[in-house]
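Here is the structure we will look at.
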Amino acid sequence: MTGLITGSRVRLRPAAVTDAARFEEILSHPEVARWWADAEDPVAAQVSYLLDPDEGTTTYAIEHADVVVGIELAFEEADPQYRHAGIDIAVHPDFQGHGLGSDAIRTLAEYLFTVRGHHRLVIDPAADNKAAIKLYEALGFRPVGTMRSYERGLDGSWHDGLLMDLLAEDLVPLAALAGA
């Protein structure tokens, strides 16, 4: 995709091999692992994928004050009939609640809309991840529907996911977020 993408509080840069240890630290934290862990895919394998994702996927290190505070992915569907992009994000709990995740999502969304030419983005939090859903809704994402038995949890049972989407015209302006 590109090099550095600068938001109001964070910078997104393509992930590098030197991010492996920090990504592992972020994904291993119990508050992140709760949503990201995979019983059949250990953290080391997840990090390996993040550093060498499938075609059409870009992994970014989220930086704030020169510290990697999180991980963000962009998935791009190239088929013109279904063209859209998806986002996924994990922020270390020490940096949650300070607007950094919001800025990272907004920054990547603006980039995907204005530079990459997408008109629609999707995100798919766990249906019971209320904090994430509230954040995504504040940015303009709207629930599309519940995906039943969507992902397998660490306990081996299936859990529902919530499909949300965002059209370019629905992205909440930065000024509106600052006033909220």
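Details
- Among (1) in contact (Cβ under 8 Å) with a residue 24 or more places away in the chain; (2) within 15 Å of LEU171 (Cα to Cα) - the single one PRO143 does not satisfy: (1)
- Against the conditions (1) in contact with a Pro (Cβ under 8 Å, 6 or more places away or on another chain); (2) surrounded by fewer than 12 Cβ atoms within 10 Å (Cβ to Cβ); (3) in a helix (DSSP H, G or I), ALA45 satisfies every one except (1).
- GLY3 of a type in the set (Gly, Ala, Ser) and surrounded by 13 or more Cβ atoms within 10 Å (Cβ to Cβ): no
- Listed here are the strands (runs of 3 or more DSSP E) enclosed by the stretch 56-154 that have at least 3 residues being touching a helix residue (DSSP H, G or I) at 6+ places or on another chain (Cβ under 8 Å), open to solvent by less than 80 Å² (accessible area, probe 1.4 Å) and over 21 Å from SER28 (Cα atoms): 120-123.
- Screening the candidates VAL43, VAL32, VAL69 for the property of being under 26 Å from HIS98 (Cβ atoms) and without any contact (Cβ under 8 Å) to a residue 24 or more places away in the chain yields one hit, VAL43.
- Among (1) open to solvent by less than 10 Å² (accessible area, probe 1.4 Å); (2) touching a residue at least 60 places away in the same chain (Cβ under 8 Å); (3) of a type outside the set (Ser, Thr, Tyr); (4) farther than 22 Å from GLU31 by Cβ - the single one LEU166 does not satisfy: (2)
- Considering residues of the stretch 12-42 that are among the small types (Gly, Ala, Ser) and at pLDDT 90 or above only, the residue most open to solvent (accessible area, probe 1.4 Å): ALA21
The values are calculated or read from the model by the stated rules, or taken from the named source; none is laboratory data. In this text the structure is predicted, and so the values were computed from the model without any measurement. Reconstructed Cβ throughout: ideal geometry from the backbone, glycine too, with neighbour counts over all protein chains shown. Note: areas computed on protein heavy atoms with side chains; ligands, DNA, RNA excluded. Shrake-Rupley method; radii C 1.70, N 1.55, O 1.52, S 1.80 Å.
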